[in-house]
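Worksheet: the structure to be examined is printed underneath.
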Amino acid sequence: MSEHLDKIKESIISGKYKEIETLVQAAIEDKADLDQIINDGMVAAMDVVGQKFAESEIFIPEMLVSAVTMKKGLEIIKPLLKGDEIESKGTIIMCTVKGDIHDIGKNLVIMMLQGAGFDVIDLGVDMSTEDLTRKVEEIKPDILGLSALLTTTMPEIKNVIETLKDKGLRNSVKVMVGGAPLNAAFAEKVGADGYGQDAAEAVVLARRLVAAK
Amino acid sequence: MTDFNLRGPSPDWERIRKTVRHEEPDRVPLLEALVEYPVQSQFLGREVTSDDIKSQVEFYYKAGYDAVPITVSAMAFGKVDDASPISKVIREKMLKDETDKQDMTKWSLEYTSFIGDRQDFENFPWEELEKPELLSQLYEVKDYLPEGMKVIANSGKIFTLAWMLMGFNNFATKLIMDEQFVSDVFDKVAHIQLNLLDKIFDIPYVGAVWIVDDLSFGTGPMISPQAFRDHVFPWYKKIANKCHENDVLLFQHSDGDLSLLMEDIIDIGSDLLHPIDPTCMSMREVKKKYGDRLAFAGNVANELLRSGTMEEVEERVKELMKNMAPGGGYCLAAGNSVTEWGKFENYIAMLKATEKYGKYPIRL
């Protein structure tokens, strides 16, 4: 059985998107445990991918193709899971803050989070604090992911967090932040729950924040 | 109008040429690929627009530069805004039946993309991106150029234009899942840029070509170094060879951490690299490792220009002069472009400090 898992893991790590479906199908036919395929095969593979990315062994295209490969594999498994087994890793709202239209980073993070099994709601760019807090109230996500590329739009992150507090929503949602000019110290200063330097770190952070809820 | 008038302007393109040859001219040159128009306006005390070449020349002359940057490409340095020729092409050709053409999200490549698949590629109005009008400012500038000044042709946006037309995620995944398609987009964009550049080498007042093409994020290259070698750098090399055959310098700009690409950039044959992004690279280390093979410009952080004091800016310029300028090989410039969101007084402080500390021989 571990041979199936190894093959699935390896194909995700090396982004073999053409063969993943066959491999997952073969594992299913051999009665492999679905939960094990997901967690020990796929999620574990994406951890390796994140590590390779952090060490500049691979780059964004390779990382995204691994995420695409994992998603293709997951799509084979999902219909086989019973209702209560379809375990979302959590719901995440993502957007860039008011005044910031730069969404490359945000879009990469979304792709990686989806690959890792999160339900992601992309609210796009230049999101006003009012509209954003309304969405948080309505959707009740586990995590709100805020992105800013410019030093001039960074203060909006604080505005959003303060507004969440004012509306009594802050304790019900974790806030993770990212973007070129940000760092962990900034995240802490404005009262966010975490900072991710890149898309791979964002996935690790999101898992940690959901587990801590 | 600014009171900056420390010296009478004395533009001299030879100052830049000596600097990139690692010789010491009379002073450390100032160099920018773009000073945003609101900054130019504040400096001159009247509005300067993207099509007002006469005022732009006046600005760069009075501020102490030796060259005027002029865009020779469908895509300019800085934001993809209303003034970008690519935006005009998209609005007039791609969105000709669209009613709401004011909506930036429909036409700006910072919001949207147009080449999803091969059919989009075939249908794209490529011929619009190499129209002779794109060179009109380059010809117009001749009437205003003071003696000693040259023009820098900003061009060569091959990587950025290709991925922006495709959308980053689509580009990045297809780079692996449909590499031939991405390669064809690169070839198309690169040929257009090269065709435009070919027309500039007969113009005697063009001193340099400046490839303004971001290759890296703050954490490293946007695609693998090998993918750059396969799809982008050969085109840069062609540009470098053409420049050098015509006695024109080649400058290169990229944001982000270029550590993994430095040897490639040297191998391309660039004469100068800008701006050694101060948010993620150390100018001193770069100088130490590569300073004998490449000249540099930049590294006065835009964040410092935005939030620092005039004294801090002066101190930073002094530090750069002390560490970078001896022996030549360094031009003073901001950490990106000179943006309107920086403090104007800090920009002036940067110019004044260059005047104060940048005279050769450097004794700091």
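Observations
- Near B:Ser216, the amide H atoms lying under 5 Å from its own belong to B:Met222, B:Asp255; only residues 5 or more places off or on other chains count, and H is placed 1.01 Å from N.
- Between 0 and 90°, nearest 10: helix A:129-139 axis offset from chain A longest Cα axis: 40 degrees
- Highest mobility in the GNM of chain A, judged by mean-square fluctuation with C-alpha springs under 10 Å and restricted to A:Glu55, A:Glu19, A:Glu156, is found for A:Glu55.
- To the nearest ten degrees, helix A:104-115 and the longest principal axis of the Cα atoms of chain A are 40 degrees apart.
- Computed over chain A: relative contact order in percent, which uses C-alpha pairs under 8 Å that are six or more apart: 18 percent
- Entries of A:Lys89/B:Lys106; A:Lys16/A:Lys106; A:Lys18/B:Lys238; A:Lys106/A:Lys140 with Cα pairs more than 28 Å apart: A:Lys89/B:Lys106; A:Lys18/B:Lys238
- Potential lengthening between B:Glu319 and B:Leu260 on full extension [0.36 nm per residue; Cα-Cα distance subtracted]: 18.7 nm
- Helix-only arithmetic for the protein assembly as shown: the sum of -39500 (n - 2.57) across DSSP H runs with n ≥ 4, divided by the residue total, places the mean residue ellipticity at 222 nm at -13500 deg cm²/dmol.
- Radius, Kirkwood style, for segment B:141-222 when every pair of distinct Cα atoms is counted (Å): 14.7 Å
- Considering only alpha-carbon pairs that sit under 8 angstrom and 6 or more positions apart, the relative contact order computed for segment A:11-93 is 46 percent.
- Separation in nanometres of the label points that stand 7 Å from Cα toward Cβ, at A:Glu188 and A:Lys213: 2.5 nm
- Estimated FRET transfer efficiency (B:Glu312, B:Glu340; beta-carbon r; R0 22 Å; 0.05): 0.65
- Set against the 2.2 N^0.38 Å expectation for a compact globular protein, segment A:2-85 has a Cα radius of gyration ratio of 1.05.
- Residue exposure proxy: A:Thr96, A:Thr163, B:Thr309, ordered by other Cβ atoms within 10 angstrom of their Cβ from fewest to most, comes out as B:Thr309, A:Thr163, A:Thr96.
- Of the Cα atoms belonging to segment B:278-335, the radius of gyration and Dmax stand at 11.3, 34 Å.
- About its Cα centre, segment A:1-152 has a charge dipole of approximately 260 debye under the convention of +1 per Lys or Arg Cβ and -1 per Asp or Glu Cβ, with nothing else charged.
- Compared with the direct C-alpha span, the chain from A:Glu130 to A:Lys18 gains 36.0 nm at full extension, assuming 0.36 nm per residue.
- B:Asp117-A:Ser88 FRET efficiency (beta carbon distance; Förster radius 35 Å; 0.05 resolution): 0.70
- Linear extension gain, B:Gln180 paired with B:Ser136, 0.36 nm per residue minus alpha-carbon span: 12.4 nm
- Over chain B, relative contact order from alpha-carbon pairs under 8 Å, at least 6 apart, %: 21 percent
- Of A:Lys71/A:Lys174; B:Lys62/B:Lys356; B:Lys157/B:Lys288, those spanning more than 21 Å from alpha-carbon to alpha-carbon: A:Lys71/A:Lys174; B:Lys157/B:Lys288
- Inter-label distance for B:Gln102 and A:Ser56, nm, one decimal - labels placed 7 Å from Cα along Cα-to-Cβ: 4.7 nm
FYI, it's all coordinate maths here, none of it is from the lab. From a predicted model like this one, the values you see are computed outputs, not experimental measurements. No Cβ is skipped: glycine too gets one built from the backbone with ideal geometry, and neighbour counts run over all protein chains shown.
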